[in-house]
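The values are calculated or read from the model by the stated rules, or taken from the named source; none is laboratory data. Owing to the predicted nature of the structure, the values given are computational and were not obtained by experimental measurement. In this analysis, Cβ positions are derived from the backbone assuming ideal geometry, glycine residues included, and neighbour counts consider all displayed protein chains.
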Amino acid sequence: MKPTLPEGLPAKVLECIQLYRTPQIRALKKNIASYCGLSTSDYDRQIRGAVSELRDRGEPIISESGKAGYYYSRADVDIVRAELLSRIAKMSKTVRALERKEVGQMELAL
C-alpha cells in the first residue's frame, strides 16, 4: 500500500530533483525534505512515495542501488529500467520458491 502523500508533495519533489541533472551531483533525501518543508520524522517514506508516483507518470528520476540521491535525466532512463528489471527478477524467484514450497506442503498434507 502506498503511503498517503501531503497535497502537492510530488510536484515539489519533482521541482527539487529537476535541479540535479547529473549523476555526480544528486539530490539527497535530506535536501529534498528541506526543500519541501517536510519534518524529519518520516520524510524518507514520503519522498520514496512521491518518487514512485512521479516515475509511474513517466518522469525520468534516476537513482542507483548503493548510491545516495536522485537526479533527473532522460538520457539515463536505462539505469532505472535495469534496477526495476533486477527487482522483478528477484521477486519472481521468491514467488516461484514460495509456490514450490506451497505445493510441497499440500502434498504432505494429503
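Of the listed requirements (1) out of contact with any Pro (no Cβ under 6 Å at 6 or more places or on another chain); (2) loosely packed, with under 14 Cβ neighbours inside 10 Å, Arg45 misses just one: (1).
Every residue, every condition in (1) farther than 18 Å from Pro6 by Cβ; (2) under 18 Å from the mean Cα position of the chain (by Cα); (3) surrounded by 12 or more Cβ atoms within 10 Å (Cβ to Cβ); (4) of a type in the set (S, T, N, Q), yes or no:
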site: Ile17; (1), (2), (3), (4): no, yes, yes, no
site: Arg26; (1), (2), (3), (4): yes, yes, yes, no
site: Lys29; (1), (2), (3), (4): no, yes, yes, no
site: Ala33; (1), (2), (3), (4): no, yes, yes, no
site: Ser39; (1), (2), (3), (4): no, no, no, yes
site: Gly69; (1), (2), (3), (4): yes, yes, yes, no
site: Val80; (1), (2), (3), (4): yes, yes, yes, no
site: Leu84; (1), (2), (3), (4): yes, yes, no, no
site: Lys93; (1), (2), (3), (4): yes, no, no, no
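Listed by first and then second residue, the pairs with beta-carbon distance under 8 Å, at least 6 apart or on different chains, first residue in the stretch 39-53 and closer than 14 Å to Ala27 by Cβ, second among the aromatic types (Phe, Trp, Tyr) and crowded, with 16+ Cβ neighbours inside 10 Å, are Val51/Tyr70. Looking at the stretch 81-110 only, could you name the residues that are among the aliphatic types (A, V, I, L, M) and either part of a loop (DSSP other than H, G, I, E, B) or at pLDDT 85 or above (or both)? If the condition is that a residue be among the aliphatic types (A, V, I, L, M) and either part of a loop (DSSP other than H, G, I, E, B) or at pLDDT 85 or above (or both), then Ala82, Leu84, Leu85, Ile88, Ala89, Met91, Val95, Ala97, Leu98, Leu110 are the ones that fit.
Cβ separations smaller than 8 Å between residues 6+ apart or across chains give the following pairs from the stretch 15-37 residues that are within 18 Å of Glu59 (Cα to Cα) and hydroxyl-bearing (Ser, Thr, Tyr) to residues that are part of a loop (DSSP other than H, G, I, E, B) and modelled with pLDDT under 95: Thr22/Ser73.
Please verify whether Asp76 is acidic (Asp, Glu) and either closer than 20 Å to Pro23 by Cα or crowded, with 17+ Cβ neighbours inside 10 Å (or both), treating the condition exactly as stated. Yes: the conditions hold for Asp76. Checked across the stretch 54-64, the condition of being within 15 Å of Tyr20 (Cβ to Cβ), modelled with pLDDT of 95 or more and either in contact with a Gly (Cβ under 8 Å, 6 or more places away or on another chain) or in a helix (DSSP H, G or I) (or both) holds for at least one residue.
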